[in-house]
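Contents: one structure, followed by commentary.
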Amino acid sequence: MWFARHNRLGDALGIVTGLEHYCRDNAVASVAVTGSPILAEVVEVFACERVSYVPSPSEAISGDAIFAGSSWSVPWLDRFNHAVTDTFGGQARHRVPPLPLREAPTPGQENVVYCQLDARSSTPLPRHSARRLLSQVAAHGEVRVLGGPDTEDYLGRDLTYVRADLPEMVARLLSCRLFVGCDSGLGHLAGCLGVPGLIVSTDDFETTWSFFRGYASLSVVSLAATDLLLP
């Protein structure tokens, strides 16, 4: 199954998790995915038994077309699972659970709040709102912002920025006190790992809530509600 357009972390988590549970529930021995390197990373980091990554398949069907037809009103990890079921038949899983890690990192605990307020999101927070939110969460621990040069240009150079590959990001999130972010792949990663946190809706609240409601550790809030939750 080949993916060209759905090539970001959140996509990869939904694809791999949804396919793995589809295969387990419908006696499918194996399925291979190809496309973005992030797919390979997710397959490597999470405990997949039926899904593998193949860099150069001889032939493949379009996974993008299947993903494009998925519902916008179900939890994120359900989306591709249900779309595959609609395409090929079989049993769909209600509330698809996250996959466990293939190898859990050494437990640790830091008084750190990781924030992801990337300017590349579809509807980014206004800069002044993002800065205010960062000031609010600073009361709960040392603030570190997940992002690179684009985020630094958006939020300013006076903050601590972190970039990491997927295994290191997993370890960092598992050791933090809180995650605060927007609708993003890192938000879905935090949910899959059970990291406590807030997802701030910057677009349509109902859609954001639908996507993230399957994660027990995360709460979806509007920007206005952060004043109440993060005084």
Practice problem: Choose one answer from 94, 128, 21: the residue with the largest mean-square fluctuation in a GNM of the chain with alpha-carbon springs under 10 Å. | Solution: 128
Quiz item: Mind listing the phi-derived Karplus ³J(HN,Hα) values for region 140-147, rounded to whole Hz, using 6.51, -1.76 and 1.60 with θ = phi - 60°, and x for any glycine or proline?
Solution: 9, x, 5, 8, 10, 9, 8, x
Practice problem: Provide the per-residue ³J(HN,Hα) series for region 202-207, in order, calculated from phi with Karplus coefficients 6.51, -1.76, 1.60 and θ = phi - 60°, each as a whole number of Hz, with x at glycine and proline positions. | Solution: 10, 10, 6, 4, 4, 5
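Output the direction-averaged projected area (hull surface divided by four) of the convex hull of the alpha-carbon atoms of the chain, in nm². Walk me through the intermediate numbers first.
Working: hull surface 48.9 nm².
Averaging across all directions leaves 12.2 nm² for the Cα convex hull.
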Self-check item: Which of 134, 23, 207, positive extreme of dipole for the chain (C-beta unit charges)
Solution: 134
Exercise. Round to the nearest 0.05 the FRET efficiency obtained for residue 54 and residue 110 when R0 = 25 Å and r is the Cβ-Cβ distance.
Key: 0.10
Quiz prompt | Using θ = phi - 60° and Karplus 6.51 cos²θ - 1.76 cosθ + 1.60, couplings along region 84-90 (whole Hz; Gly, Pro as x) | solution = 5, 4, 4, 7, 10, x, x
Quiz item: If you place +1 on the Cβ of every Lys and Arg and -1 on the Cβ of every Asp and Glu, how big does the dipole about the Cα centre of region 86-188 come out, in debye to the nearest 20?
Solution: 260
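Tell me what the chain gives for mean residue ellipticity at 222 nm when only DSSP H runs of n ≥ 4 count, each as -39,500 (n - 2.57), the sum divided by the residue total, rounded to 500 deg cm²/dmol.
About -11500 deg cm²/dmol.
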Quiz item: Roughly speaking, what is the stretch gain from residue 47 to residue 132, that is 0.36 nm per residue apart minus the C-alpha to C-alpha distance, in nm to one decimal?
Solution: 26.8 nm
Practice problem: Could you work out how far helix 9-25 tilts from the main Cα principal axis of the chain, as a 0 to 90 degree angle to the nearest 10? | Solution: 40
Quiz prompt | Contour minus Cα-Cα distance for residue 95 and residue 225 (0.36 nm per residue) | solution = 44.2 nm
Practice problem: Could you check the simple spin-label distance between residue 103 and residue 150, using points 7 Å along Cα→Cβ, in nm with one decimal? | Solution: 3.1
Quiz item: Average projected area of the Cα convex hull of region 41-95, in nm²?
Solution: 4.8
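None of the figures in this text is laboratory data; all of them are computed from the coordinates on show. Just so you know, these numbers come straight off a predicted model, no measurement behind them. Every residue, glycine as well, gets a Cβ built from its backbone with ideal geometry; the counts of neighbours run over all protein chains shown.
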